[in-house]
Structure formats: C-alpha cells, structure tokens
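First comes the structure, then the notes that go with it.
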Amino acid sequence: MVTVWWSAIGLIHYSFLNPGETITAETYCQQLEEMHQKLGRMCLALVNRKDPILLHENARPHVSMMTRQKLHELGYETLDHPPYSPIDRHFFKHLDHFLREKCFKNQDEAKNAFNAFVTSRTPEFYATGINKLVSRWRHCIDSNGPYFD
C-alpha cells in the first residue's frame, strides 16, 4: 500500500507500508508531519498561509482524535466526499495504466516501478489533476452540495 500526497505543483510525499501492514492513526500522523515538512521545502508560502489547506482523504485514520488534532495543528481541513473522487481517478488511473501487465517479485521492484511512474510525470500532469478536482468540486457544490457524484 502506498499513501500519496500531491498538489498542482507536483508530488509532495509518498510512503509505502510493508506487506500485510495497515495504516494506523499514529502512522498516518507521522506521514502527515513528513508531508508537511516536505511541502514547506517545496512551497513555503503554502505552509505559512493564513487560509487552511484542504486535504483530500480516502483513509480511515482521519477519523481518529489523534489525526484530527494533528490536522488542526498543521492547519489542514479535509474535503468530505465518497471514496474514489476525481483526484483519485486522475493519479491512480494513470498509475494503474503505467503498471498494467507488470509483475513484481518483491516490494523493492514495486517501489522502483512507482518511482519510474513519478519521474515520468510532467508538472502539467499534476496541475491538470488538481484543476479537474477544483472544477468538479465547484460544479457539485453549485448543483448538489459538496459531494461528488
């Protein structure tokens, strides 16, 4: 399992779990902190902003008190939506296509393939994905409320 944070400026952070491992609130909070630090190095203006950063989440640990406290501490808000929103489809659809018909003997091979995918993406790939999300989000709010259909 891989957890991925990305924005219109590109990949921010990713983290792999070992086979059979599940993500816990403690692990997720640690990953949030690592992502936040990397984001600060990439774009300090985002980290030092007055407005919150909206964090799209598909993971269950976001409901724990520990995670909610960490999100508040870092100044992040989460978007409410059902699983597999357009942001998931953009990144993971392309990742799925890139990995199609590849077989891996071990986790290192899978990580190397993921790294090859990431390095093959252009800055426009990330900007397009975020712009699709923003456009879709606005459309859904205007028509049906804050949920993707």
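The values are calculated or read from the model by the stated rules, or taken from the named source; none is laboratory data. Keep in mind the model is a prediction, meaning the values are calculated, not measured. We place every Cβ from the backbone using ideal geometry, glycine too, and count neighbours over all the protein chains shown. Each accessible area value is taken on the protein alone, full model and side chains, heavy atoms only, with ligands, DNA and RNA left out. Shrake-Rupley method; radii C 1.70, N 1.55, O 1.52, S 1.80 Å.
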Q | Solvent exposure, largest accessible area first (probe 1.4 Å, DNA, RNA and ligands not counted), of Cys43, Cys29 | A | Cys43, Cys29
Q: At 7 Å along the Cα-to-beta-carbon direction for both Arg89 and Arg41, put a label point, then send me their distance in nm to one decimal.
A: 3.4
Q. Taking the Cβ-Cβ separation of Asn106 and Thr78 as r and a Förster radius of 41 Å, what is the calculated FRET efficiency to the nearest 0.05?
A. 0.75
Q) Packing-wise, with mean Cβ within 10 Å as the measure, how do 104-114, 123-133 rank, highest first? A) 123-133, 104-114
Q) How many nm separate the modelled label positions at Ser120 and Phe16, each set 7 Å beyond the Cα in the direction of the Cβ? A) 1.7
Q) Length gain on complete extension for the stretch Ser7 to Phe98, per 0.36 nm per residue less the alpha carbon to alpha carbon distance? A) 30.8 nm
Q) Leaving out same-chain residues fewer than 8 places away, which lysines sit with a Cα under 29 Å from that of Lys132? A) Lys38, Lys50, Lys70, Lys93, Lys102, Lys111
